[in-house]
Amino acid sequence: MTAHEVEPRFRPNGRNWPLLWAYIVECGGSTKSSSASAMAVTAALRGHPGTCFDLDSNMSLTTILGYDETGLKGKKNVLDLLYGTATLDEVALPARYRIGEGYGDDAFALIPNLRIVPGSPAMAGADTAIAEDADRNDWFAEILRSYRGDDTVFYMDFPASYGKMPYSVLRMLDEEDSVIPSIKADPKDVKLVKKLTEELERIRFKNRGRRSVPGRPTLNKMILTGTPTATYKEAPARRATALAEAMYGKVLLPYVRYSADAKKLYEDECPLPILLPNSVPSEDYRKMMTHLGFVNRQA
Ligand SMILES: Nc1ncnc2c1ncn2[C@@H]1O[C@H](COP(=O)(O)OP(=O)(O)OP(=O)(O)O)[C@@H](O)[C@H]1O
Ligand SMILES: [Mg+2]
C-alpha cells in the first residue's frame with residue numbers, strides 16, 4: 001500500500017505522518033507499556049500497520065516486542081534518532097515474540113504490520129542531551145516531517161516523568177492525536193492524572209500561536225486497567241473506578257479488567273494478545289480497539 005491510499009482518519013489535516021498516541025503519566029508501574037503493546041499488537045493483527053517507540057530507559061516495550069540486550073547487539077536504537085545519526089527506517093525493527101530458545105531466526109515469530117523502535121538504557125540521559133544542544137529538541141519533528149509510510153499510528157511509550165524528552169514529542173501532538181494515561185484502578189493512580197493535565201496545559205500555553213509545531217497535546221483517551229471482576233473485588237479498585245468515572249468519564253475507554261496473568265508478558269518476551277489471547281485483558285483490548293474503529297481490515 002502506498003502512502004496516498006492510507007485512510008484520511010489516520011492522516012489528520014492531510015499531513016504526511018500517522019496518528020500519535022502518547023502513553024504517558026508520571027506514575028511508575030501504571031500499565032503504560034502493557035496498554036501500548038496490547039493496543040498496537042491488536043491493531044496490527046487486524047491489518048492496521050503501526051510503529052512502537054520505546055522512549056523509556058527500562059526498555060519494557062522493546063522486551064515485550066521481542067528484543068533483549070543480546071538480541072539488540074549491533075542494532076541501532078532510539079538514541080540514533082535523538083542524535084540524528086540514523087533514519088526511522090534504519091532504526092525500526094520488525095516486532096516479534098519468542099517461540100524457542102536462543103537468538104536464531106527460528107527462535108522468534110514475526111508480528112505482521114508492526115515495527116519497534118528499540119529503546120536504550122542511555123535514554124535515561126535524554127533530557128540532559130536535549131538540554132546540552134537545543135537543536136535536539138527538533139529530533140521528533142524531523143522524523144515526522146520526513147516520514148513516508150503507511151502506518152496508522154505511532155505508539156509512543158514514555159518513562160514515568162515529564163522532562164525535555166517528553167516535551168519534544170508532546171509538542172508535536174495535535175487535537176486529533178491522543179495523550180493516553182493508562183493507569184491501574186488504584187485511587188493513587190487516578191489522582192496523578194491531574195498533574196498530567198497541568199503539564200499538557202503548560203505545553204499548550206508555551207506553544208500558543210506557533211506555526212511550526214502543532215503544540216496541542218490533548219488528553220482525549222484514558223485507560224483504566226485492573227478493574228474488578230467476579231473474582232477480583234478489591235475495595236480500592238472499586239473506589240478508583242468510581243473516582244475515574246466521576247473525574248474523567250468523558251474520555252475513559254472501555255475498561256481492561258484485572259488478570260494476574262498479565263505479569264507474565266515480561267518474562268515470556270511476548271505481548272499479551274499473543275501470549276494469552278483468551279485472557280480477560282486481551283478480550284478487553286480487542287473490544288477497546290473495535291470501539292476505536294480498528295476493526296478487521298480486508299487484505
Ligand atoms: N490488566 C492487568 N491486570 C493486572 N495487572 C496488570 C494488567 N495489565 C498490566 N499489569 C501489570 O502491571 C505491571 C505494570 O505494568 P507496565 O509495565 O505496563 O506499567 P508501566 O506504566 O509501563 O511501568 P513503568 O513506569 O515501570 O514503565 C506489570 O507487572 C503488568 O504485568
Ligand atoms: Mg513502561
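A few comments on the model shown:
- The residues of region 28-45 that are aliphatic (A, V, I, L, M) and open to solvent by less than 10 Å² (accessible area, probe 1.4 Å), listed by number, are A36, A38, M39, A40, V41, A43, A44.
- Taking region 234-299 as the region of interest, the helices (runs of 4 or more DSSP H) fully inside it that hold 3 or more residues being within 14 Å of V41 (Cβ to Cβ) are 272-275, 280-291.
- The residue pairs whose first member lies in region 27-43 and is over 15 Å from L253 (Cβ atoms) and within 6 Å of ligand 1 (Cβ to nearest atom), whose second member is among the β-branched types (V, I, T) and in a helix (DSSP H, G or I), and whose beta carbons are closer than 8 Å, counting only pairs six or more residues apart or on different chains, are S33/I64.
- Test result for P281, touching a helix residue (DSSP H, G or I) at 6+ places or on another chain (Cβ under 9 Å) and in contact (Cβ under 8 Å) with a residue 60 or more places away in the chain: yes
- Residue in region 218-274 that is nearest to ligand 2 (Cβ to nearest atom), counting only those that are of a type in the set (S, T, N, Q) and modelled with pLDDT of 95 or more: T225
- Region 173-209: number of residues that are more than 24 Å from L144 (Cβ to Cβ) and not in a helix (DSSP H, G or I): 4
- Cβ pairs under 7 Å, 6+ apart, first in region 154-166 and open to solvent by less than 10 Å² (accessible area, probe 1.4 Å), second assigned to a loop (DSSP other than H, G, I, E, B) and away from ligand 1 (no atom under 13 Å from the Cβ): F154/P18
Conditions tested, residue by residue: (1) buried (at least 16 other Cβ atoms within 10 Å of the Cβ); (2) in contact with a helix residue (DSSP H, G or I) (Cβ under 6 Å, 6 or more places away or on another chain); (3) of a type outside the set (V, I, T).
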site: I223; (1), (2), (3): yes, yes, no
site: A237; (1), (2), (3): yes, no, yes
site: K250; (1), (2), (3): no, no, yes
site: S259; (1), (2), (3): yes, yes, yes
site: E267; (1), (2), (3): no, no, yes
site: C270; (1), (2), (3): yes, no, yes
site: P273; (1), (2), (3): yes, yes, yes
site: M289; (1), (2), (3): yes, yes, yes
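The values are calculated or read from the model by the stated rules, or taken from the named source; none is laboratory data. The shown structure was predicted, so the numbers you read here are calculated from the model rather than taken from an experiment. Note: ideal-geometry Cβ built from the backbone for every residue, glycine included; neighbour counts use all protein chains shown. We work out accessible area using only protein heavy atoms, side chains counted, and drop any ligands, DNA or RNA first. Shrake-Rupley method; radii C 1.70, N 1.55, O 1.52, S 1.80 Å.
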